[in-house]
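Okay, so here's the structure we're looking at.
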């Protein structure tokens, strides 16, 4: 949907990032007693299904035997931790997002697309 929007509106910048990696994603695929994800993982972090915590479990694509296995997602830590995150961009100014960048650069990318070069202090 967003790619079609950007194609129709080339002056649009899509910038995706986060403030932390939450300690890493964990995928839980053991058999669950119900069709919904448990509220929390053993570390207390929320365990998410399709619509979030206490939601319907995700279903993997069929394996070689045609079986779709249920799974849920949680995070290694309940609180934010330092670590690498992704920043991706598409559309106007996307070329400014490259290599290794500090996540505070997201502001500079947005500013430069909206207003031009950031003023010097």
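The values are calculated or read from the model by the stated rules, or taken from the named source; none is laboratory data. On a predicted model such as this, the values are computed, not experimentally measured, just so you know. Here the Cβ positions follow ideal geometry from the backbone for every residue, glycine too, while neighbour counts run over all protein chains shown.
Inspect all residues belonging to segment 56-72 and state whether any of them is within 20 Å of residue 16 (Cα to Cα) and outside the structural domain of residue 9 (by TED's automatic domain parsing). Among the residues of segment 56-72, not one is within 20 Å of residue 16 (Cα to Cα) and outside the structural domain of residue 9 (by TED's automatic domain parsing), which makes the answer no. Where residues in segment 75-100 are within 17 Å of the chain's Cα centre (by Cα) and modelled with pLDDT of 85 or more, which of them is farthest from residue 49 (Cα to Cα)? Per the criteria, the residue is 97.
Within the set 17, 12, the sole residue that is over 19 Å from the mean Cα position of the chain (by Cα) and either closer than 21 Å to residue 112 by Cα or modelled with pLDDT under 80 (or both) turns out to be 12.
Of all residue pairs spaced 6 or more apart or on separate chains, none has beta-carbon atoms under 9 Å together with a first member in segment 1-20 that is free of Cβ contacts under 8 Å to residues at least 40 places away in the same chain and a second member that is surrounded by fewer than 11 Cβ atoms within 10 Å (Cβ to Cβ).
Filtered by the rule that a residue be at pLDDT 85 or above, out of contact with any helix residue (DSSP H, G or I) (no Cβ under 9 Å at 6 or more places or on another chain) and surrounded by 10 or more Cβ atoms within 10 Å (Cβ to Cβ), segment 101-121 gives 106, 107, 110, 111, 114.
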